[in-house]
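Inspection log for the structure reproduced underneath, given as structure tokens.
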Amino acid sequence: MSQKIKNIVLTGASRGIGHATVKRFSSAGWRVITCSREGVPENCPWSDGMHDHVQIDLSSMDDIDKGSKDIIKKLDGNPLHALVNNAGISPKSPDNGRLDTINTSLDCWQQVFQVNFFAPMLLAKNLKETLAEGSGSIVNVTSIAGSRVHEFAGSAYATSKAALSALTREMAADFGPYGIRVNAIAPGEIKTDIISPESEKLIAPKIPLGRFGTPEEVAQTIYFLCSDMSHYLNGSEIHVNGGQHV
């Protein structure tokens, strides 16, 4: 494989922001290695999807270590230029309600933090050497829920994203000397398949731009953070929410 081709590892690529991110980087000629708990579906739209996929259960420490080795093997000596930690979970109650600090079990807290917080850190540590070879960029996907109480996002999800935001700053300081930049994006309300028309009608008027964002708009910001246009950006968190956070 030519050294001119840039390589990115992306978790949570099957839908929404992750799916749009695959399309954005693929269109720019990047090789995208996707990671998820499931295998590649037979109707995968990407020509190299079957080959450039690593099955990793991010809730398992052992699986992350094994998956990291599989990623390095797939790179075949080529450097890694970007790691996007997009995968995340936000459990709901049996009636699809919000899980707050009172009704969330300890097991649920631990699972959410394992996937949303510990997995990004472990992947970055395991891939540090190949990221350094590529003067790479790490992008952690946090959330507007990490900085304010959200009517739909659960407490475990929100605090895990707040922790990931703080981790981004720590990682920026620790990985920077190796030539690796670490930044985060905090999406607000993004129009995906899981958004109901009712919630959009309720929340959109509160957003200064008056609408939900699109996965493509978030993917564009991720691409910016991984591109040469952001070479001196490190330890930042970009709010992609139409001004919802102000």
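Please treat every number below as a calculation from the coordinates, not as lab data. Bear in mind that the values here come from a model prediction, so they are computed numbers and not experimental data. Because the Cβ atoms are built from the backbone with ideal geometry, glycine has one as well, and the counts that use them run over all protein chains shown.
Pairs exceeding 19 Å between alpha-carbon atoms, taken from K92/K125; K69/K125; K66/K128; K23/K92: K92/K125; K23/K92.
Partners of K6 within straight-line reach, counting aspartates and glutamates whose Cα lies under 15 Å from its Cα and excluding those fewer than 8 residues away in the same chain: D48, D52, D76, E133, D228.
With the chain treated as a Gaussian network of Cα nodes joined by springs under 10 Å, which of R148, R181, R24 yields the largest mean-square fluctuation? Maximum fluctuation in the GNM of the chain, among the listed residues, is at R148.
Contact order normalised by length for region 7-240, with contacts defined as Cα pairs under 8 Å and 6 or more residues apart; what percent is it? Display every interim value, and only then the final one.
On the way: 408 pairs, mean separation 49.3, N = 234.
Contact order relative to length: 21 percent.
When the Gaussian network model of the chain links Cα atoms closer than 10 Å, the mean-square fluctuations of S60, S199, S135 top out at S199. Cβ-Cβ distance of E38 and A166, R₀ of 30 Å, FRET efficiency by 1/(1 + (r/R0)^6): the value works out to about 0.50. Rounded is the label for region 7-240, because a/c, from the alpha-carbon gyration tensor with a ≥ b ≥ c as root eigenvalues, stays below 1.5.
May I ask you to list, by number, the DSSP H helices of the chain whose Cα span along the axis is at least 24 Å and whose average Kyte-Doolittle hydropathy reaches 0.0 or more? Kindly include the intermediate steps, with their values, before the conclusion.
On the way: long enough: 155-175 (29 Å, 0.21).
Span-like helices, by this rule, are 155-175.
Label positions at K206 and K73, each projected 7 Å from the Cα along the C-beta direction, are separated by 4.8 nm. Computed over the chain, the per-residue total of -39500 (n - 2.57) for DSSP H runs of n ≥ 4 gives a 222 nm mean residue ellipticity of -11000 deg cm²/dmol, rounded to 500.
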